[in-house]
Amino acid sequence: DAGTGKFVTENTNSTKEGKTGLTDQQYSKVAAYTGDMIIIHNHPNSSRISYADILTMYNHRNISAIIAVGHDGSVQVVYNINRDFAIDKLWEKVYNNAVSEYQNKEFAEKIATNFLYESGIFDFESR
């Protein structure tokens, strides 16, 4: 909870090498919670906040920020998301155009996510 510091759910185990993620039960707790939340999690590969994380924040109005801490000590923060934009549709359009142009889905995901970061739809800090 952003106001009290209370844990809504806690995940200390990863089921995928180099990745984190909530179980369905943990995600249900987050989805059902009505208080203001800040999602804090780790990124084992010290990568920036992913499109999936951004989409989670976008879809849940009570998430005011997402913080990812990398194993190298880096901290990434996304906040002040503008929910007036259809982020999912925007990302999908850029992604589909990039797949068509480059014929590489992984590269297209990076291009589409980069577009969101550069668009000003949310604030981002890296420390």
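The values are calculated or read from the model by the stated rules, or taken from the named source; none is laboratory data. Because the structure is predicted, anything quoted here is derived from the model rather than measured. Using ideal geometry, Cβ is built from the backbone for each residue, glycine included, and neighbour counts are taken over all protein chains shown. Side chains included, ligands, DNA and RNA excluded: accessible areas come from the protein's heavy atoms. Shrake-Rupley method; radii C 1.70, N 1.55, O 1.52, S 1.80 Å.
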Legend entry - Checking Arg48 against (1) outside any loop (DSSP other than H, G, I, E, B); (2) open to solvent by 50 Å² or more (accessible area, probe 1.4 Å), the condition it does not meet: (1)
Inset, instruction - Name the single residue, out of those in the stretch 42-84 being farther than 18 Å from Val30 by Cβ and small (Gly, Ala, Ser), that is farthest from the chain's Cα centre (by Cα). - result: Gly73
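Give the stretch 110-122 a look and list any residue that's assigned to a helix (DSSP H, G or I) and either of a type in the set (Val, Ile, Thr) or open to solvent by 60 Å² or more (accessible area, probe 1.4 Å) (or both), or say none. Reasoning before the result, please.
The first filter runs over the stretch 110-122 and keeps only residues assigned to a helix (DSSP H, G or I), leaving 110-119.
Lys110, Ile111, Thr113, Phe115, Glu118 - these are the residues of the stretch 110-122 that are assigned to a helix (DSSP H, G or I) and either of a type in the set (Val, Ile, Thr) or open to solvent by 60 Å² or more (accessible area, probe 1.4 Å) (or both).
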Legend entry - Which numbered condition Thr34 misses (of (1) in contact with a Ser or Thr (Cβ under 9 Å, 6 or more places away or on another chain); (2) outside any helix (DSSP H, G or I)): (1)
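Name the single residue, out of those in the stretch 82-91 being loosely packed, with under 12 Cβ neighbours inside 10 Å and not aliphatic (A, V, I, L, M), that is modelled with the highest pLDDT.
As a first pass, look at the stretch 82-91 and keep what is loosely packed, with under 12 Cβ neighbours inside 10 Å: 84, 86, 89.
Okay, now just the ones that are also not aliphatic (A, V, I, L, M), so 84, 89.
Numbers: Asp84: 93, Lys89: 96.
Applying the filter and picking the extreme gives Lys89.
Give the residues of the stretch 59-81 that are over 25 Å from Ser46 (Cα atoms) and either in contact (Cβ under 8 Å) with a residue 60 or more places away in the chain or open to solvent by 50 Å² or more (accessible area, probe 1.4 Å) (or both), sorted by residue number. Working first, answer last.
Filtering the stretch 59-81 down to residues over 25 Å from Ser46 (Cα atoms) leaves 61-62.
The answer is Arg61, and nothing else.
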Legend entry - Any pair with Cβ under 8 angstrom, 6 or more apart, that starts in the stretch 29-42 at a residue that is under 12 Å from Phe7 (Cβ atoms) and in contact (Cβ under 8 Å) with a residue 24 or more places away in the chain and ends at one that is polar (S, T, N, Q) and in a helix (DSSP H, G or I): Ile39/Thr56
Inset, instruction - Give just the number: which of (1) in contact with a Phe, Trp or Tyr (Cβ under 7 Å, 6 or more places away or on another chain); (2) in a helix (DSSP H, G or I) does Lys29 not satisfy? - result: (1)
Inset, instruction - Please find, within the stretch 52-109, the residue that is nearest to Thr4 (Cα to Cα) out of those that are charged (D, E, K, R) and either touching a strand residue (DSSP E or B) at 6+ places or on another chain (Cβ under 7 Å) or outside any helix (DSSP H, G or I) (or both). - result: Arg61
